[in-house]
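To keep things clear, I will list the structure first and then write my remarks on it.
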Amino acid sequence: MIRFAFVAIAAALLTGAFIDRELSKMYGGHTQLADISLAGNAPSYFALTNVNVMAPSSDNFISDQTVLVDNGIILSVGSNVEFVDDTSTIDGKGMFLVPGYTDSHVHLWKSKNDLLLYIANGVTQIREMNGSEVHLRWKEEIEEGRIGPDMFVVAPQLATFGFFEGLFVGWTQNKTIVRTESQVSRAVQSFKDVGYDAIKASSFLDEDSYTNVSNAAAENSILLVGHIPMSVGLNELLDSGQTEVAHVEELMKALNREFGGYTDRNADEFLEFVRNRSGDVADRLIENEISVTSTLWLIDSFSRQKADLSGILDSVELQYANPGITEGTIITSRGMGWLPDVNIYRWPDDIDAEGQQRSLTYWTTYSQAQHIVFDALLEKGVPIMAGTDANTPVTVPGFSLHDEK
Ligand SMILES: [Zn+2]
């Protein structure tokens, strides 16, 4: 009996260690780090000449400008900027100089290489939307001079699950599982104490926990951002004090819950419903000072990741993506990754032609509905932040923000 228990415990420990290793690999913990000393050769004092600079009004470019930079600080900009003869110069002819971009929805997971991809793509600010204490450390290192974008780090997302499912989800997806009011208040308090910038609601909070999270965020004077939990509707969002919705998609999904859940058979009716409701949703977001992050490209990619996965993989800068994340892991039967054998959005192998057609109708409608909502938000003037959900299949950090339009 004792021997059996020993074998069972040893097997459980070994399985646990294996899953831990697979998760770390999948999130990029084993990815070889880029050598950042290569970036150390740039001059700290230099003049960028003949460049087109974005005007302060942001609606045109001023041509043939010289920009003098000293140790990261712009000293002057103009057509007659003087500098001494031996100053390093960079010819900016034919190029455009713009302020740094912000990606308002990213996932860094475990590879610091992503920090360089953001900078290389002109993204100088990011919001990590499911942070960990590792990211808080990276944020500090960047503030102390390491190369990387300014970081806003949102706490691990809060979710409600039963005990055993909660153990697995918490372990594999960096979610914090909460079921009671005291668990919520302890979690929110500790997130505030360690220095996170905001609390995140996941799709999986139950209604009571969402209320508790909203109260705890207010008590701790910390922002509440994220999804609209599936257990609630738009009215609960508006009452919650949540200041931001992490995807336009979330509003469309809340409208779908009001509609009763569309299928490929009543897709047109659903789109009509979204058209009729979106203006009112936008008005109420404005009244409640709630902003929305876009992530449009990702949602539009869902139908392509089903019907034309190799085409979309060819069109993104896959060579820069974290190989751990693209290759995924085998700990779930369908895999968790980007590539054809493990892509989490791909069709099941046994889907027939009719099933494919119905699925395409569903996901094309999904994408159209989010654009109807987005257009209404834009027209009414809801604050919209550009965000990509980078590192979700198949959004490559840094590059993907240039496709978010
Ligand atoms: Zn996300």
query: Accessible surface of residue 93 in the full protein assembly, 1.4 angstrom probe, to the nearest 10 Å²?
result: 140
task: Quick one: grab the alpha carbon gyration tensor of the range 257-310, order the square roots of its eigenvalues as a ≥ b ≥ c, and give me rounded if a/c is under 1.5, else prolate or oblate depending on whether a/b is larger than b/c.
output: oblate
Carbon plus sulfur fraction of accessible area for the range 150-304, probe 1.4 Å, in percent: 48
- request: Pop out the ³J(HN,Hα) list for the range 378-393 in order, Karplus 6.51 cos²θ - 1.76 cosθ + 1.60 with θ = phi - 60°, rounded to Hz; leave Gly and Pro as x.
  value: 5, 5, 7, x, 5, x, 10, 10, 6, x, 10, 6, 3, 5, 7, x
- request: Run the dipole for the chain about the Cα centre, Lys and Arg Cβ at +1, Asp and Glu Cβ at -1, nothing else charged, and hand back the magnitude in debye, nearest 20.
  value: 1120
Karplus 3J(HN,Hα) series, Hz, for the range 144-159 with 6.51 cos²θ - 1.76 cosθ + 1.60 (x for Gly, Pro): 8, x, 5, 5, x, x, 4, 10, 10, 10, 8, 5, x, 5, 8, 8
query: If you look at just the Cα atoms of the chain, how large are its Rg and its Dmax in Å?
result: 23.6, 87
- prompt: What does the charge dipole of the range 42-97 about its Cα centre add up to, to the nearest 20 debye, if the Cβ of each Lys and Arg holds +1 and the Cβ of each Asp and Glu holds -1?
  reply: 160
message: Can you say what percent of the DSSP beta bridges in the range 42-97, counting only those with both residues inside, are antiparallel? Round to 5.
response: 65
- prompt: Considering only DSSP beta bridges whose two residues both sit in the chain, what percent are antiparallel, to the nearest 5?
  reply: 30
query: Tell me, what are the semi-axes, in whole angstrom and largest first, of the equivalent ellipsoid of the range 42-97 as set by the roots of 5 times the Cα gyration tensor eigenvalues?
result: 19, 11, 10
statement: As straight-line cross-link partners of residue 380, the qualifying aspartates and glutamates (C-alpha separation under 15 Å, not fewer than 8 residues apart within one chain) are 280, 283, 287, 289
message: Helix-only estimate, please: 222 nm mean residue ellipticity of the chain, summing -39500 (n - 2.57) across DSSP H runs of length 4 or more and dividing by its residues, to the nearest 500.
response: -13500 deg cm²/dmol
task: Starting from the amide H of residue 101, placed 1.01 Å from N in the peptide plane, find each other amide H under 5 Å away whose residue is 5 or more places distant or on another chain.
output: 123, 124, 125
task: For the range 250-256, just list the computed ³J(HN,Hα) in residue order, Karplus coefficients 6.51, -1.76 and 1.60, θ = phi - 60°, integers in Hz, with x standing in for Gly and Pro.
output: 4, 5, 5, 5, 5, 5, 5
- request: Assuming a ≥ b ≥ c are the square roots of the Cα gyration tensor eigenvalues, decide whether the range 33-127 counts as rounded (a/c under 1.5), prolate (otherwise, with a/b larger than b/c) or oblate.
  value: oblate
query: Do the alpha carbons of any pairs in 175/405; 110/139; 139/200; 110/175; 112/139 sit beyond 21 Å of each other, and which pairs?
result: 175/405
task: Report, to the nearest whole %, how much of the accessible area of the range 42-97 belongs to carbon and sulfur atoms, 1.4 Å probe, protein only.
output: 53
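The values are calculated or read from the model by the stated rules, or taken from the named source; none is laboratory data. Treat the numbers as computed from the prediction; the structure is a model and nothing was measured. So basically every Cβ, Gly included, is an ideal-geometry build from the backbone, and we count neighbours across all protein chains shown. The area values use the complete protein model at the heavy-atom level, side chains included, leaving out ligands, DNA and RNA. Shrake-Rupley method; radii C 1.70, N 1.55, O 1.52, S 1.80 Å.
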